[in-house]
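K.L.:
Sharing a structure, written as structure tokens. Questions coming.
The values are calculated or read from the model by the stated rules, or taken from the named source; none is laboratory data. Since the structure is predicted, the reported quantities are computational estimates derived from the model, not experimental observations. Cβ atoms come from the backbone with ideal geometry, glycine included; neighbour counts cover every protein chain shown.
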Amino acid sequence: MNKSELADAVASECGMTKAQAADAVNAVFGAIQNTLGSGGEVRIPGFGSFTVAHRAAGKARNPRTGEMIDRPASKRPKFKAGKSFKDCVNS
């Protein structure tokens, strides 16, 4: 399922137009991105948690040349599925 298919599913489930559902889906994704971008976290009970994981600086090897390079510290989004979501997938 891609983003437009998700919007179609939301539209049919909630009785909205496809445009309204697409706006709602974009708003949810935008809110998650903005919250994580400012260092916060998003918890949706029964679904999961979106957090920011910090990756320390370190050394890495360039696979093409074999040369060791410095890898800067970075942040990445992380998702941890909730129990209900895991149970639904595993059933």
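K.L.:
Considering only the range 12-23, how many residues are surrounded by 14 or more Cβ atoms within 10 Å (Cβ to Cβ) and within 16 Å of N2 (Cβ to Cβ)?
P.N.:
2
K.L.:
In this structure, does E41 turn out to be at pLDDT 95 or above, exposed (fewer than 13 other Cβ atoms within 10 Å of the Cβ), under 21 Å from C88 (Cβ atoms) and not polar (S, T, N, Q)? Before the answer, list the steps.
P.N.:
On the way: at pLDDT 95 or above: yes; exposed (fewer than 13 other Cβ atoms within 10 Å of the Cβ): yes; under 21 Å from C88 (Cβ atoms): no; not polar (S, T, N, Q): yes.
No, not satisfied.
K.L.:
Which of the residues belonging to the range 62-91 are part of a loop (DSSP other than H, G, I, E, B) and among the polar types (S, T, N, Q)?
P.N.:
So the first thing to find is which residues in the range 62-91 are part of a loop (DSSP other than H, G, I, E, B), and the list is 62-67, 72-73, 82, 91.
N62, T65, S91, listed by residue number.
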